[in-house]
Amino acid sequence: MLEDNEYIQPLGRRVLIKVKAEKTVTESGLEVPEDVADARTYGSIRGTVVCIGSNAFPDEQGQVKLGDEVIFIHYAGQLISLEREDRIIQVNDQDVTAIIKKREKKQ
């Protein structure tokens, strides 16, 4: 879909998130292969911010940055097919509900 010298820049309050691949197991214990399980259907709600629109997160004043691991609303966004292995979802900034942070180690 994209040439080597092209990239996607989300407009307005949109954010591109690379969905974290998670093993999907049904209630009966069957593992669903990743190529069969659509991330949005089975609820992968964790991912890494890869691009931020120019008007995104006006109330958070820079709290969400490129590379942040975030949680977003279960059925939010639009899956973008880039003919690569990455699953990229475009969501509105209001659909990003939390940033996952590392705890400081106590000494």
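Every number here is computed from the coordinates shown, using simple stated rules; none is lab data. Being a predicted model, the structure only gives us computed values, none of them experimental. Neighbour counts run over all protein chains shown; Cβ positions are idealised from the backbone, glycine included.
Once you have the Cα-Cα distance between Glu69 and Glu104, take 0.36 nm times their residue separation minus that, and quote the gain in nm to one decimal.
11.0 nm
Using the count of nearby Cβ atoms within 10 Å as a rough guide to exposure, how do Phe57, Phe72 rank from fewest to most?
By the 10 Å Cβ count, ascending: Phe57, Phe72.
Set the Förster distance to 25 Å, then compute FRET efficiency between Lys20 and Asp59 from the Cβ-Cβ distance, nearest 0.05.
Numbers: r = 25 Å, r/R0 = 1.01.
Efficiency computed from Cβ-Cβ geometry: 0.50.
Report the FRET efficiency, 1/(1 + (r/R0)^6), for Thr97 and Tyr7, where r is their Cβ-Cβ distance and R0 is 25 Å, rounded to 0.05.
Once rounded, the FRET efficiency stands at 0.45.
Determine the alpha carbon to alpha carbon distance for each of Lys20/Lys106; Lys18/Lys105; Lys18/Lys65; Lys20/Lys105 and list only those over 22 Å.
Checking Cα-Cα distances, Lys20/Lys106; Lys18/Lys105; Lys20/Lys105 exceed 22 Å.
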